[in-house]
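Visitor: Before I ask anything, let me first share the structure, which is written out below as structure tokens.
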Amino acid sequence: MTARILLVEDSALISGALRVLLEASGYDVTVAATASEAIAWPDGSPPDVMLLDLTLPDGDGLTVIGGLAARGLRPRATLAMTGHGDTATRERCASAGCDAVLVKPVPVKELLQIVSDRVV
Amino acid sequence: MSSAEAARPVVADRIERLEAEVLDAQRIIGELRDRDTLKTQFLSNISHDLRTPLTAIITHAEILRDGILGDVTARQMESISVIITGGRQLLDMITEILMHARDSSEPLTLVESEFSLLDVVEQVTALNESLAARKGLGLERRVSTDLPPMRGDRDKIIHVLTNLLGNAVEFTPAGGRVWVHACHGPEPSDELVLIEVGDTGRGIAEDHHELIFREFAQVDASASRVHHGIGLGLTIARRFVELHGGRIWVESQLGRGSRFFFTLPVRHRA
Ligand SMILES: Nc1ncnc2c1ncn2[C@@H]1O[C@H](COP(=O)(O)OP(=O)(O)OP(=O)(O)O)[C@@H](O)[C@H]1O
Ligand SMILES: [Mg+2]
């Protein structure tokens, strides 16, 4: 079955680029532009991987992790995407339950590698 | 009427006028502060808004480069590489402006940890090795083995070193040398480490030694200038060093290379 990726990102330009990348690589991509949209993931089973922008129009991206978990929908892996990979941000992401922190623009090869490692 | 009594209304008048002037000055300071805040806010907004489309551009270019949408020819690959390199350069500059704007608007704090200065110096020099080699520059690293573990904000110290070394490489013509040295303060009793980033490049005239640390200041700021930074590297470096309780300065003469120094206090675990 095709692995499903939930891409939480408010900029249509960036989600557009990542969608091209991930779909061309064979994944099934759903985009959510806000935290509440992401938490409202309509399916009964969780996405395999969630790519999570940290600054969303309706608040901190990390709240999505708890929001989904509260519905019993924890993705197999959550990868945070941020503008700056400083230690404070990394620590905040780790304690919120992210598996990795990627600094935007996320290097394409690295992203594909991490995603394919997580979905096998 | 004594002469003192006669002078009283004159003095009162003088005081009143001085008070009015103080009020005026305070109003002007307030206005300037507001304008500075606006400028900072503007810088912060615009850098954030510039990052987003640029991120998308770089990602699309990398998708093409990595052949995800199919093979590209060697000629196409050359163009794609230029888009990526240019895009990343632009992104670094925008990130610097954003960092500066943030720093001016909300007071910076240090995220402290214990780290080895040797590791940090190795990491920063390793990142600059290929660039230095491409420019035909020798890159030397010398760190005393007896340095105590440091306590401070590792990311910020890396940023300072990266900026100084970046400048050294930038302003030194082919065939020259650049170096990073770190040692314990000159006196055995000194509770500080001294770090030097030096080069054999074009040097800096004495009357520019302080100026270059000011925001947006560059020695050659003309439109035809060869170098295209934004003049924030040293401003940010000074902020970060001073936040640690250290000092940063330059020793240089025009045409005789430059040596940038900074100190970091050795702090013991609280
Ligand atoms: N090693 C050096 N040798 C000669 N001149 C230097 C050196 N380092 C800095 N300068 C001078 O000081 C100026 C300010 O440096 P600074 O790093 O603050 O800004 P910049 O390099 O111009 O831009 P950026 O913000 O991208 O770093 C430079 O433009 C250059 O004129
Ligand atoms: Mg610089």
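Visitor: Report for the protein assembly as shown the percent antiparallel among DSSP-assigned beta bridges with both residues inside it, nearest 5.
Guide: Details: 25 of 49 bridges.
In the protein assembly as shown, DSSP labels about 50 percent of beta bridges as antiparallel.
Visitor: Here is a follow-up. Summing Lys, Arg as +1 and Asp, Glu as -1, what charge do residues with Cβ under 13 Å from the Cβ of residue B:183 carry, residue B:183 excluded?
Guide: On the way: positive: B:141, B:142; negative: B:146, B:187, B:190, B:196.
Residues close to residue B:183 contribute a combined charge of -2.
Visitor: Give me the percent of accessible area attributable to carbon and sulfur for chain B, probe 1.4 angstrom. Numbers along the way, then the final one.
Guide: On the way: 8900 of 15900 Å².
Here it works out to 56 percent.
Visitor: Something else about it: State the percent of C-alpha pairs, over all pairs in the protein assembly as shown, separated by a distance greater than 39 angstrom. Show your work: numbers first, answer last.
Guide: Working: 25718 of 75855 pairs.
Result for the distance tail: 34 percent.
Visitor: To the nearest hundred square angstrom, how large is the accessible surface buried between A and B, total for both chains, probe 1.4 angstrom? Kindly include the intermediate steps, with their values, before the conclusion.
Guide: On the way: alone 5880 and 16710 Å², together 20990 Å².
It comes to approximately 1600 Å² buried between A and B.
Visitor: With Cβ to Cβ distances under 13 Å as the rule, what net charge do the other residues near residue B:40 carry (K, R +1; D, E -1)?
Guide: Values: positive: B:33, B:35, B:39, B:102; negative: B:34, B:36, B:103, B:106, B:215.
Surrounding charge for residue B:40 is -1.
Visitor: Pick from B:260, B:42, B:216 the residue whose mean-square fluctuation is largest in a GNM of chain B, springs joining Cα atoms under 10 Å.
Guide: B:42
Visitor: Still on this model: Give me the log10 of I(q) over I(0) for the range A:4-119 at q = 0.09 Å⁻¹, as the Debye formula computes it from C-alpha points; what are the numbers?
Guide: Scattering profile of the range A:4-119, log10 relative to I(0): -0.20.
Visitor: Using just the helices of the protein assembly as shown, give the 222 nm mean residue ellipticity in deg cm²/dmol: DSSP H runs with n ≥ 4 each add -39,500 (n - 2.57), and the total is spread over all residues, rounded to 500.
Guide: Working: 10 runs with 189 residues, N = 390.
Result for the protein assembly as shown, helices only: -16500 deg cm²/dmol.
Visitor: Using a 10 angstrom cutoff on alpha carbons, build the Gaussian network for chain B and name the most mobile of B:133, B:237, B:20.
Guide: For chain B, modelled as a Gaussian network with Cα springs under 10 Å, the answer is B:20.
Visitor: Okay, moving on. Run a plain Debye calculation on the range B:138-199 (Cα atoms as equal point scatterers, no solvent) and give log10 I(q)/I(0) at q = 0.26 Å⁻¹, rounded to two decimals, same order as the q list.
Guide: Normalising to I(0) and taking log10 leaves -1.14.
Visitor: Check every DSSP H run in chain A and write down those whose alpha carbon atoms cover 15 angstrom or more along the long axis and whose mean Kyte-Doolittle hydropathy is 1.0 or greater.
Guide: On the way: long enough: A:12-24 (17 Å, 1.55); A:108-119 (17 Å, 0.42).
Once both thresholds are applied, what remains is A:12-24.
Visitor: Something else now. Rounded to the nearest percent, how much of the accessible area of the range A:4-119 (1.4 Å probe, protein heavy atoms only) is carbon and sulfur? Don't skip to the end; give the middle numbers.
Guide: Numbers: 2460 of 4650 Å².
Result for the range A:4-119: 53 percent of the exposed heavy-atom area is carbon or sulfur.
Visitor: For the protein assembly as shown, which cysteines have no second Cys with its Cβ under 4.7 Å from theirs?
Guide: Lacking a cysteine Cβ partner under 4.7 Å: B:183.
Visitor: Hey, another quick one. Can you tally the net charge around residue B:8? Count Lys and Arg as +1, Asp and Glu as -1, for every other residue whose Cβ sits under 14 Å from the Cβ of residue B:8.
Guide: Values: positive: B:14; negative: B:5, B:13, B:16.
That works out to -2.
Visitor: Now for a different question. Between rounded, prolate and oblate, where does the range B:98-145 land on the alpha carbon gyration tensor, with a ≥ b ≥ c its root eigenvalues, rounded for a/c under 1.5, else prolate if a/b exceeds b/c?
Guide: Numbers: a/c = 4.09, a/b = 1.56, b/c = 2.62.
Cα axes put the range B:98-145 in the oblate bin.
Visitor: Using only the alpha-carbon atoms, what does the range B:14-92 span along each of its principal axes? Please give whole angstrom values in decreasing order.
Guide: 83, 16, 11
Visitor: List the residues of the range A:62-83 for which accessible area in the full set of protein chains is at least 10 Å² lower than for the chain on its own; 1.4 Å probe, protein heavy atoms only.
Guide: Going by heavy-atom accessible area, the residues of the range A:62-83 that drop by at least 10 Å² are A:83.
Visitor: List the residues, sorted by chain then number, that are 5 or more residues from residue A:25 or on another chain and whose placed amide H is less than 5 Å from its amide H.
Guide: none
Visitor: What shape does the range B:190-264 have by the C-alpha gyration tensor, where a ≥ b ≥ c are the square roots of the eigenvalues, rounded means a/c under 1.5, and otherwise prolate means a/b greater than b/c and oblate the rest?
Guide: On the way: a/c = 2.55, a/b = 1.50, b/c = 1.71.
Oblate, since a/c reaches 1.5 and b/c is not below a/b.
Visitor: Pop out a list of residues from the range B:153-184 that are at least 30 Å² less accessible with all the protein chains around than in their chain alone; 1.4 Å probe, no ligands or nucleic acids counted.
Guide: Listed by number, the residues meeting the 30 Å² cut-off are B:155.
Visitor: Still on this structure, please answer the following. Dividing the Cα radius of gyration by the Kirkwood radius, what Rg/Rh value follows for chain B? Display every interim value, and only then the final one.
Guide: Details: Rg = 25.0 Å, Rh = 22.2 Å.
So for chain B, dividing Rg by the Kirkwood Rh gives 1.13.
Visitor: Over the Cα atoms of the range B:96-225, how large are the radius of gyration and the largest Cα-Cα distance (Dmax), in Å?
Guide: 16.3, 49
Visitor: Between residue A:83 and residues 5 or more places away or on another chain, which pairs have amide H atoms under 5 Å apart, with H built 1.01 Å from N, and which residues are they?
Guide: Close amide H contacts, sequence-distant or interchain: A:104.
Visitor: Moving on to the next point. Take the Cα pairs of the range B:1-135, get the Kirkwood Rh, then feed it into Stokes-Einstein at 25 °C and 0.890 mPa s and tell me D in µm²/s.
Guide: In µm²/s, the coefficient rounds to 116.
Visitor: Okay, next question. Given the options A:43, A:58, A:28, which has the most mean-square fluctuation in a GNM of chain A, springs set between C-alpha atoms less than 10 angstrom apart?
Guide: Largest GNM mean-square fluctuation: A:43.
Visitor: Take peptides B:152-164, B:47-59, B:63-75, B:81-93 and line them up by average Cβ neighbours within 10 Å, highest first, as a rough protection proxy. Mind showing how you got there, number by number?
Guide: Working: B:152-164: 22.2, B:47-59: 18.4, B:63-75: 12.3, B:81-93: 14.4.
The packing order, highest mean first, is B:152-164, B:47-59, B:81-93, B:63-75.
The values are calculated or read from the model by the stated rules, or taken from the named source; none is laboratory data. Computed from a predicted model, the values in this text were never measured in an experiment. Backbone-built Cβ (ideal geometry, glycine too); neighbour counts: all protein chains shown. Just the protein is used for accessible areas: all its heavy atoms, side chains included, with ligands, DNA and RNA removed. Shrake-Rupley method; radii C 1.70, N 1.55, O 1.52, S 1.80 Å.
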